[in-house]
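Every number in this text was worked out from the coordinates using simple rules, so none of it is lab data. Not measured: the values here are computed from a predicted model. Here the Cβ is made from the backbone with ideal geometry for all residues, glycine too, and neighbour counts use every protein chain on show.
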Amino acid sequence: MEIIRGLIVVLHLIAFAALLGSWIVGALSRSGRITRLMQWSMLLALMTGLALAAPWGVVASPNYFKIGTKLVILLIIAALLGIGASRQRRGKTADGVFWLVGPLVVINAAIAVLV
């Protein structure tokens with residue numbers, strides 16, 4: 001069971017790395033575009049995060065505050081990516097939305113490590 005949980009943790013980390021990495025590429029290229037990789041990475045991070053929130057037979061009680069906070073931040077990121085992608089499809093720029101995603105991903109990762 002620990003091997004499966006470990007694999008899910010690795011997938012969760014890869015998802016956040018892909019989300020932050022694709023945001024950094026967009027930021028450095030000054031494109032400000034929401035990409036499909038960002039959307040799929042966010043979805044994978046959400047799915048693996050929910051799987052990790054399951055009890056997994058652990059004796060210690062989970063930190064519900066941390067889980068809830070990370071979930072809310074990830075849902076905000078999902079909403080921003082959806083809004084940005086919708087604006088891009090209509091030919092508008094999504095710069096304001098794009099620049100909010102990166103800091104939220106970093107905050108989410110910081111909560112995971114520090115709380």
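Tabulated data
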| read-out | value |
| --- | --- |
| Rounded D (µm²/s) - the chain, Kirkwood Rh over Cα pairs, Stokes-Einstein at 37 °C, 0.692 mPa s | 222 |
| GNM top mover of VAL105, VAL97, VAL72 - the chain, alpha-carbon springs below 10 Å | VAL72 |
| Cβ-based charge dipole, region 2-114, positive-most Cα from ALA45, THR93, ILE107 | THR93 |
| Sites excluded, trypsin sites (Lys or Arg not before Pro) in DSSP loops with at most 13 other C-beta within 10 Å, longest stretch of the chain | 31-89 |
| Largest-first principal axis extents of the Cα set of region 75-115 (Å) | 40, 15, 8 |
| Charge dipole magnitude, Cβ of K and R +1, D and E -1 - the chain, Cα centre, debye nearest 20 | 480 |
| Equivalent-ellipsoid semi-axes of region 41-98, from the Cα gyration tensor, Å, largest first | 32, 11, 5 |
| Mean ellipticity per residue at 222 nm, deg cm²/dmol - from DSSP H runs of n ≥ 4 across the chain, formula -39500 (n - 2.57) | -27500 deg cm²/dmol |
| Loop sites in region 39-104: chymotrypsin sites (Phe, Trp or Tyr not before Pro), DSSP, at most 16 other Cβ within 10 Å | TRP56 |
